[in-house]
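To keep things clear, I will list the structure first and then write my remarks on it.
What follows is calculated from the coordinates using simple rules that are stated; it is not laboratory data. Predicted model only: the values in this text are computed from it and were never measured. For neighbour counting, all protein chains shown are included, and Cβ atoms are generated from backbone atoms with ideal geometry for every residue, glycine included.
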Amino acid sequence: MYFRLRQTLVLLPLAFMLAACATSPPTYTPDSQSIAYAKQFLHSWGAGEIAMASFERRMKQEENTQPGMAALVRRAFAGTTTDDFENIAAPVYARHLSKSDLAALARFTATRAGNRFFRVAVAGALKHQKTKDITRQLTADELAAAVKFAQTGAFKAMKRELPTINREMAEAASRWGKEKMQAYINNQ
């Protein structure tokens, strides 16, 4: 089960860095409360911070191979905050998960066990850690809470929808990035 959970969570912060797929965005517009729950869920475990750290790592790599491009991207994305990444992801989550599922996810990550579980699981997945290395970092109480939550409809819905959510986040992040770059170029 932990391996499947790791697989489910590994793509979340990486979705911001993926190339866009050639599909059109869904037409459903979520309500403000659903988006607020999604933001609360994402913010509580540091999704924006993780995405920002991934972006920074990518920029450091680019500085070695393409210093001019890295400098251009840094200029275009100056002022980008962790909230920007969460604002990209929240509507996507809200389009695919019910308000009650988003509220349950937000409540779970507001707990110490839920918050720590998501932070440890995502950080471990990004480092390509084995499931046993991830779970070793959690206490028995944290593991028990995670296993219990993994049995809920909210977790099952997230797991089911996560591939689509990740794809759409990549599309949204790509559109946002193109807009930021175009705005920067237009102002030069």
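Numbers at a glance
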read-out	value
Val147-Arg57 FRET efficiency (beta carbon distance; Förster radius 25 Å; 0.05 resolution)	0.20
Derived scalar couplings ³J(HN,Hα) [the range 82-93; Karplus, 6.51 cos²θ - 1.76 cosθ + 1.60; whole Hz; x for Gly, Pro]	4, 4, 4, 5, 5, 5, 6, 6, 4, x, 5, 4
Listed values (1) 29, 20, 13; (2) 26, 21, 14; (3) 54, 14, 11, entry calculated as semi-axes √(5λ) of the Cα gyration tensor in Å	(1)
Sequence-distant lysines (8 or more away, or on other chains) whose Cα lies within less than 26 Å of Lys148	Lys39, Lys99, Lys127, Lys130, Lys132, Lys156, Lys159
The range 58-150 shape via C-alpha gyration tensor axes, a/c threshold 1.5	oblate
Met69 versus Thr139: modelled label distance in nm, points set 7 Å from Cα along the beta carbon direction	4.6
Average Cα contact separation per residue, the chain, under 8 Å, 6 or more apart, as relative contact order %	38
